[in-house]
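Report on the structure given below.
Please treat every number below as a calculation from the coordinates, not as lab data. Quick caveat, the model's predicted, so the values are computed rather than measured. So basically every Cβ, Gly included, is an ideal-geometry build from the backbone, and we count neighbours across all protein chains shown.
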Number of protein chains: 2
Amino acid sequence: MSADLPGRTLAELIGLLRAGTVSASELASACLDAVAAREDDLRAWAHLDPDAAMARARELDAVPAGERGPLHGIPVGIKDIIDTADLPTEYGSPIYAGHHPAEDADVVARLRRAGAIILGKTVTTEFALFHPGATTNPHDPARTPGGSSSGSAAAVGAGTVPLALGTQTAGSIVRPASYCGVVGVKPTFGRVSTRGVKACSRSLDTIGTFTRDVDGADAVLRVLGGVDANDPEPAAGALAAGRALRVGFARTPEWHEVPADSRGRIEQAVQKVAAGFGVRDVELPEAFSGLVEAQKCLMLVEVTRELADERAHHGDQLSTRLQDVLAHGDRMTWAYEAAKAHVRHCRGLLDDVFGDVDVLLAPSVLGEAPPIDEGTGDPVLCRAWTALGTPAVAVPGLTGPAGLPLGVQVVAAPGRDDLALEGARQLGRSLRDREHLSSHVAR
Amino acid sequence: MSADLPGRTLAELIGLLRAGTVSASELASACLDAVAAREDDLRAWAHLDPDAAMARARELDAVPAGERGPLHGIPVGIKDIIDTADLPTEYGSPIYAGHHPAEDADVVARLRRAGAIILGKTVTTEFALFHPGATTNPHDPARTPGGSSSGSAAAVGAGTVPLALGTQTAGSIVRPASYCGVVGVKPTFGRVSTRGVKACSRSLDTIGTFTRDVDGADAVLRVLGGVDANDPEPAAGALAAGRALRVGFARTPEWHEVPADSRGRIEQAVQKVAAGFGVRDVELPEAFSGLVEAQKCLMLVEVTRELADERAHHGDQLSTRLQDVLAHGDRMTWAYEAAKAHVRHCRGLLDDVFGDVDVLLAPSVLGEAPPIDEGTGDPVLCRAWTALGTPAVAVPGLTGPAGLPLGVQVVAAPGRDDLALEGARQLGRSLRDREHLSSHVAR
């Protein structure tokens, strides 16, 4: 049984551990074995401490059943942009080689208190931007896993851990989740504290999860969330009993940038899903076509401020790509207030957008993962939702022309993470059924 | 004598025609022969009407000496974005195939009144933007002549006509002039009327000249200019007798984008020039680093408005490149007012910039002309000056590593076209002397 444990969904594993069918040590050991078996190719981990992880697992096994946390014994990978007191945190940059933060980030502390085992740190691109780490795509080592949460997506996609944390400023959760064929959840902006995360862009940075199941992500978000006193309280149940989910399909203003073949596959999937949900086409407000550039501007200008010290004192240790990003930030300062104003204006239009639908289905990536030497892929389809602060969930189930994962995302109104998760749950199931059907037809 | 006439400078030809040494017919005929000899390779012309040109030349030859205009008998190429009543004007777009404007543009009418002969229309990129025409570089047919005034720069660079008109919205005069090794003058914004020019961006579009000499350009600008009653009156003489030109060297915020080899050549040239002029380094205000993106924003948003009809009714006849430009325009609308404000702010800093110098020497192109299949080159080094509305003169004389022309530009304060021309005259002479010296040393 041990060998196939790391490939189980997070919700299953939570159940098995709770029932005592599997011990924390058994699961941790199985995950470490799975990691070791794939790591030469996958290169998903920046730091691993197997001994510490096993010691922690044995401690957890000794905790009486009544005192166990909601994530008791769950091994988790933490993106190396998030501080851990017991493991190095290098932010994907040689400037921070061997850096040991004094404290755990808020989310790490919460995971530990909930009984999770921090297995190690996963590879991030340089400062969670564009210069890639060494991680490969679990479905094809010649392709990128996406970024910036490269290692987290790849580790979960490879079935070596059931859970990893990532962050999204442009498309760093939804994009790699789509490329790696896993569930990636970016919650509502502000719902999860970013204390102890190396800031990229304070008006955009959002911590989220990689799992293979929506139920598992839901359990983790209950542990991570609730920090912002101003967050709207999620409804007890996402939908009144018996009410059907109202689903819209938003092609988004960047739809024409999706290759025709992928567009066809997404349209086809939506049609099939529509049989069950009555999906309606949703035309987004014209103003939304400005969100991609406004998001870029916010991100560029803010990251240029955040990395001012690194640039001034360690400029030679920044990648050329990052130096270009920061120079671009200098060049966009004049547009910063206008970008903020435009994003605010668009946020004000969200009530209308979600007036008749609970969730939107939208494309998440411009086709399958690109070749690894071309970078980490384009976040263009995620930028607007990140700027708007909506929850967004990458839902796997579609495949592209090369047989690799092709994403869609489920988006809900800010604060309605419950609906986004429920939508991802129901639509993910429907997409899987459909894929299954197609395979039958194809044979 | 006839055969080498088209290669003479404009000022020389003006003198020869005035003295009666050469007739208008003789020169027109020689230019048409030169055009015919090069056109198979160069493809600089969109429309030619040799018979009409020769008929006009004969008319001019019959004008009594005392009644001749300042450009009597001078053959000129007109960029095909500028209206001519007697020749088709197609704006580089199939949408306007065979289009015959009802009237001459203001500049064309002025040239005719001054005695010039409109030899034909020169190739422009599509609507003076980025999709190239067929024109090649006169110094290497495998390279671009630059754009958007491709045909005008190439025709003058090839020595087939002494004068052609172009327009600049980003870098469409200075860039092709630098690539083709000719003098390109973009006057102060607003000095020359753009009536009868297909508008690209009304806050940036500027008509200017291609010649092989600064004196020739000066003569033409006296004919074209003076339309704007608000223009500051140029001083009778640019410099008080005996006062030396005060020259600054502005690397500009985009200096690092110039390839190292070209940077070296420019620095070396500046050092040599400095021996005669005491060139001082000028640090531009930090705010200027935002001008490139602000200029792009103004241009994108304005051209998207200008081409709204063509896009709505003939979208399938726009190049993919142009469709992308217009989509980008839609995405930048939110930043338009901020871009205008930033440009205004930077214009307000120009008094300081030109406080201690009459003119600035600045790079004009990112190295030699790129291969023709890579587009028309990057206007990045021209965008800021166009946004600021300063006069800018591309000065030939430097050569790059492949032996092809490498540009610099001479920039003056808005309204001081006289200083820009005087600077180009003096510095161009100095650069040529230096090149001559280098060749001697190299042998």
The answer for residue A:47, listing residues at least 5 apart or on another chain whose modeled amide H is closer than 5 Å to its amide H, is A:121
Once you charge only the Cβ atoms, +1 for Lys and Arg and -1 for Asp and Glu, what is the size of the charge dipole of the stretch B:2-224 about its Cα centre, to the nearest 20 debye? 660
At 7 angstrom along the Cα-to-beta-carbon line, where would the label on residue B:103 sit relative to the other copies? Give the distances in nm, shortest first. 7.2
Pair-distance profile P(r), taking every C-alpha pair of the protein assembly as shown, with 10 angstrom steps and integer %: 2, 12, 19, 19, 15, 12, 10, 6, 3, 1, 0, 0
Using only the alpha-carbon atoms of the stretch B:330-407, report the extent along each of the three principal axes, biggest first, to the nearest angstrom. 42, 41, 14
From DSSP H assignment alone, runs of 4+ in chain A each adding -39500 (n - 2.57), the sum over residues rounded to the nearest 500 puts [θ] at 222 nm at -12500 deg cm²/dmol
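Which net charge results when you count Lys and Arg as +1 and Asp and Glu as -1 among the other residues whose beta-carbon is under 11 Å from that of residue B:168?
Net charge around residue B:168: +3.
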Within 10 Å of each Cβ in A:360-367, how many Cβ atoms from other chains are there, averaged over the peptide? 0
Using alpha-carbon positions, what is the distance between the centroids of the stretch A:281-302 and the stretch B:171-226, in Å? 37
Tell me, how many Å apart are the Cα centres for the stretch A:92-133 and for the stretch B:357-389? 44
For residue A:330, place a label point 7 Å from Cα along the Cα-to-Cβ direction in every copy; what are the distances to the other copies, in nm, shortest first? 3.4
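Roughly what % antiparallel, to the nearest 5, for the DSSP beta bridges in the stretch B:2-224?
Around 65 percent of the beta bridges assigned by DSSP in the stretch B:2-224 are antiparallel ones.
If we count GluC sites (Glu not before Pro) as exposed when they sit in a DSSP loop and have at most 16 other beta carbons within 10 Å, what is the longest stretch of chain A that avoids them all?
Values: sites that count: A:103, A:283.
Here the longest segment lacking exposed loop sites spans A:104-282.
Quick check: net charge around residue A:332, other residues with Cβ under 11 Å of its Cβ, Lys/Arg +1 and Asp/Glu -1? Don't jump to the answer; show the numbers that get you there.
Working: positive: A:296, A:331, B:296; negative: A:293, A:302, A:330, B:293.
So the environment of residue A:332 carries a net charge of -1.
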Other-chain or far-sequence residues with amide H under 5 Å of residue A:104's (modelled H): A:85
Sum up the charges of everything whose Cβ sits under 13 Å from the Cβ of residue A:102, counting Lys and Arg as +1 and Asp and Glu as -1, but leave residue A:102 out. -3
Antiparallel DSSP beta bridges within chain A, as percent of all bridges there, nearest 5: 70
Would you kindly work out the equivalent ellipsoid of the stretch B:2-224 from its C-alpha gyration tensor and give its semi-axes, the square roots of five times the eigenvalues, largest first in whole Å? 24, 19, 17
Debye calculation, C-alpha points only, no solvent: report log10 I(q)/I(0) for the stretch A:1-90 at q = 0.13, 0.20 Å⁻¹, in the same order as the q values. -0.45, -1.03
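Note down the magnitude of the dipole of chain B about its Cα centre, charges +1 on Lys and Arg C-beta and -1 on Asp and Glu C-beta and zero elsewhere, to the nearest 20 debye. Kindly include the intermediate steps, with their values, before the conclusion.
On the way: 43 positive and 57 negative charges, 170 e Å.
So the magnitude is around 820 debye.
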Could you tell me the extents of the stretch A:300-434's C-alpha atoms along the three principal axes, largest first, rounded to whole Å? 53, 39, 19
Please list the non-local residues whose amide H lies under 5 Å from the amide H of residue B:249, H modeled 1.01 Å from N, same-chain partners needing a gap of 5 or more. B:280, B:281, B:282, B:361
Give the Cα extents of the stretch B:245-365 along the principal axes, in whole Å, largest first. 58, 32, 22
Can you list the lysines whose alpha carbon is less than 29 Å from that of residue A:186, not counting same-chain residues fewer than 8 positions off? A:79, A:121, A:198, A:272, A:296, A:340
Rounded if a/c is under 1.5, else prolate if a/b is larger than b/c, else oblate: which is chain A, with a ≥ b ≥ c the root eigenvalues of its Cα gyration tensor? rounded
Can you compute 3J(HN,Hα) from phi for each residue in the stretch B:200-211, using the Karplus curve 6.51 cos²θ - 1.76 cosθ + 1.60 with θ = phi - 60°, rounded to whole Hz and x for Gly and Pro? 9, 8, 5, 8, 10, 3, 9, 8, x, 10, 10, 9
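On average, how many beta carbons from a partner chain sit within 10 Å of the beta carbon of a residue in B:287-298? The partial results should precede the final answer.
On the way: counts 2, 1, 6, 6, 2, 2, 9, 4, 0, 1, 5, 0.
The per-residue average across the peptide is 3.
Can you say what percent of the DSSP beta bridges in the protein assembly as shown, counting only those with both residues inside, are antiparallel? Round to 5. If you can, show how the numbers build up before the last one.
On the way: 56 of 82 bridges.
Counting only bridges with both partners in the protein assembly as shown, antiparallel ones make up about 70 percent.
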When each copy gets a label point 7 Å from Cα toward the beta-carbon at residue B:312, what are the spacings between them in nm, shortest first? 5.2
In sequence order, what are the phi-derived ³J(HN,Hα) couplings for the stretch A:395-405 according to the Karplus relation 6.51 cos²θ - 1.76 cosθ + 1.60 with θ = phi - 60°, rounded to whole Hz, with x for glycine and proline? 10, x, x, 8, 10, x, x, 8, x, 9, x
Residue by residue through the stretch B:96-102, the couplings from Karplus 6.51 cos²θ - 1.76 cosθ + 1.60 with θ = phi - 60°, in Hz, x for Gly and Pro, are 9, 4, x, 5, 10, x, 6
